[in-house]
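Right, I'll just put the structure down here and ask away after.
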Amino acid sequence: MTERLSSGPQRLQKLMAAAGLCSRRQAEALISAGRVTVNGAVAALGDQADPRHDTVLVDGRPLGRHEAFCYLLMHKPVGMVTTLSDPAGRPVVTDLLRDLPVRVYPVGRLDLTTSGLLLLTNDGALANRLAHPSHEVEKTYLVRVRGALTPEAVRRLEQGVDLADGPTAPARVSRVRGSGGHAWFELTIHEGRNRQVRRMCEALGLPVSRLMRIRYAFLTLDGLAPGQYRHLTAAEVARLKQL
């Protein structure tokens with residue numbers, strides 16, 4: 001499903017998302033980076049364009065609607081960043097997709113030392129919906145922390161943890177087990193703040209030593225080794241659009 005554009009000028013980020021190029025948030029980043037032009041002039045946030053009359057280029061390429069949308073589920077390895085390029089020269093997740101005939105973009109982010117389930121697509125409208133906080137899409141992580149996960153720590157995670165940017169929503173904790181000086185557990189959240197799981201645990205005095213996203217909504221990593229990906233089925237895409 002794609003966004004329908006009405007006639008007349010539209011905000012650039014809406015045009016880019018409707019063209020299936022990226023989500024609106026990612027479009028804002030591209031505009032801010034000076035990678036979008038309108039009729040030869042570098043665009044700024046807030047600019048509008050009329051696709052019937054204006055020439056919009058992203059990285060020098062005309063903005064056009066993809067003939068077909070692509071939806072991927074990747075097992076992101078540790079040591080790769082979830083961006084399209086990295087000024088520091090670190091490997092990026094799209095390096096694993098060099099043979100893919102279309103350009104896709106990550107839905108949300110996993111940091112450098114976090115592995116696990118990552119969705120990528122060129123359906124900007126769906127990516128925007130999945131990333132929007134109002135849809136409360138659940139994400140489950142396998143977490144290893146240094147120290148013991150006490151009943152009090154579990155209670156605080158499940159009630160919400162006070163962070164610098166405000167209290168988190170209640171989470172779910174399951175499958176708690178100890179191993180030496182570490183504790184393993186699964187944590188399910190529906191927010192998408194920067195480094196949220198790590199910050200929640202660190203606020204309780206439990207540094208995270210390993211973090212893997214193992215579930216996104218109903219999707220899992222079954223059958224995928226780190227670095228591998230697969231195309232979502234039509235039924236899976238339809239189910240995502242119903243969330």
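The values are calculated or read from the model by the stated rules, or taken from the named source; none is laboratory data. A quick note: this is a predicted structure, and the numbers were derived from the prediction, not measured. Here Cβ is always computed from backbone atoms with ideal geometry, including for glycine, and neighbour counts include all displayed protein chains.
If only one of 156, 144, 175 is of a type in the set (Lys, Arg) and closer than 16 Å to residue 203 by Cβ, which one is it? Before you say what the answer is, go through the steps one by one.
Numbers: 144 fails: closer than 16 Å to residue 203 by Cβ; 175 fails: closer than 16 Å to residue 203 by Cβ.
It is 156.
Among the residues of region 138-175, how many are hydrophobic (A, V, I, L, M, F, W, C), touching a residue at least 40 places away in the same chain (Cβ under 8 Å) and surrounded by 21 or more Cβ atoms within 10 Å (Cβ to Cβ)?
5
Only residues that are surrounded by fewer than 15 Cβ atoms within 10 Å (Cβ to Cβ) and more than 24 Å from residue 131 (Cβ to Cβ): list them for region 177-208, please.
Of everything in region 177-208, those that are surrounded by fewer than 15 Cβ atoms within 10 Å (Cβ to Cβ) and more than 24 Å from residue 131 (Cβ to Cβ) turn out to be 177, 178, 179, 180, 181, 205, 207.
Is it the case that residue 89 is farther than 20 Å from residue 192 by Cβ, more than 20 Å from the chain's Cα centre (by Cα) and in the same structural domain as residue 129 (by TED's automatic domain parsing)? Write out each step before concluding.
Working: farther than 20 Å from residue 192 by Cβ: yes; more than 20 Å from the chain's Cα centre (by Cα): yes; in the same structural domain as residue 129 (by TED's automatic domain parsing): yes.
Judged against the criteria, residue 89 is a match.
Looking at region 138-158, which of its residues are over 23 Å from residue 111 (Cβ atoms) and either aromatic (Phe, Trp, Tyr) or touching a Cys at 6+ places or on another chain (Cβ under 7 Å) (or both)?
Selection gives nothing.
Run down 123, 111, 99 and say which single residue is charged (D, E, K, R) and in contact with a Phe, Trp or Tyr (Cβ under 7 Å, 6 or more places away or on another chain). Explain how you work it out, then say what you get.
Details: 111 fails: in contact with a Phe, Trp or Tyr (Cβ under 7 Å, 6 or more places away or on another chain); 99 fails: in contact with a Phe, Trp or Tyr (Cβ under 7 Å, 6 or more places away or on another chain).
Answer to the selection: 123.
Just to be sure before I move on: is residue 155 closer than 29 Å to residue 134 by Cα, modelled with pLDDT of 95 or more and either out of contact with any helix residue (DSSP H, G or I) (no Cβ under 6 Å at 6 or more places or on another chain) or small (Gly, Ala, Ser) (or both) in the structure I sent?
Numbers: closer than 29 Å to residue 134 by Cα: yes; modelled with pLDDT of 95 or more: yes; either out of contact with any helix residue (DSSP H, G or I) (no Cβ under 6 Å at 6 or more places or on another chain) or small (Gly, Ala, Ser) (or both): yes.
Yes, satisfied.
Restricting the first residue to region 12-40 and requiring it to be over 18 Å from residue 106 (Cα atoms) and at pLDDT 90 or above, which pairs with a second residue that is crowded, with 24+ Cβ neighbours inside 10 Å and of a type in the set (S, T, N, Q) meet a Cβ separation below 6 Å and a spacing of at least six or different chains?
none
For residue 78, all conditions in the list (1) farther than 24 Å from residue 143 by Cβ; (2) part of a loop (DSSP other than H, G, I, E, B) hold save one; what is the number of the exception?
Among (1) farther than 24 Å from residue 143 by Cβ; (2) part of a loop (DSSP other than H, G, I, E, B), the lone unmet condition for residue 78 is (1).
Among the strands (runs of 3 or more DSSP E) contained in region 173-243, which hold 3 or more residues that are in contact with a His (Cβ under 7 Å, 6 or more places away or on another chain) and farther than 18 Å from residue 71 by Cα?
Working: elements: 182-189, 208-216, 229-231.
By residue number, no strands (runs of 3 or more DSSP E) qualify.
Next question, about the same structure. Sort out which residues of region 180-193 are touching a residue at least 12 places away in the same chain (Cβ under 8 Å) and out of contact with any helix residue (DSSP H, G or I) (no Cβ under 7 Å at 6 or more places or on another chain), and write them in order of number.
To start, the set of residues in region 180-193 that are touching a residue at least 12 places away in the same chain (Cβ under 8 Å) comprises 181-193.
If the condition is that a residue be touching a residue at least 12 places away in the same chain (Cβ under 8 Å) and out of contact with any helix residue (DSSP H, G or I) (no Cβ under 7 Å at 6 or more places or on another chain), then 181, 182, 183, 184, 185, 186, 188, 190, 193 are the ones that fit.
Now, a different point. Return the residues of region 84-109 that are part of a loop (DSSP other than H, G, I, E, B) and buried (at least 16 other Cβ atoms within 10 Å of the Cβ); say none if nothing qualifies.
To start, the set of residues in region 84-109 that are part of a loop (DSSP other than H, G, I, E, B) comprises 84-91, 98-104, 107-109.
Residues satisfying the conditions are 84, 103, 104, 107, 108, 109.
What is the residue count in region 199-225 for residues that are touching a residue at least 60 places away in the same chain (Cβ under 8 Å) and under 17 Å from the mean Cα position of the chain (by Cα)? Reasoning before the result, please.
The initial filter retains those residues of region 199-225 that are touching a residue at least 60 places away in the same chain (Cβ under 8 Å), namely 206-217, 219-221, 224-225.
Keeping just the survivors that are under 17 Å from the mean Cα position of the chain (by Cα) gives 211-217, 219-221.
Number of matching residues: 10.
Taking residue 188 as the residue in question, decide whether it is farther than 22 Å from residue 77 by Cβ, of a type outside the set (Asp, Glu) and within 16 Å of the chain's Cα centre (by Cα).
Details: farther than 22 Å from residue 77 by Cβ: yes; of a type outside the set (Asp, Glu): yes; within 16 Å of the chain's Cα centre (by Cα): yes.
In short, yes.
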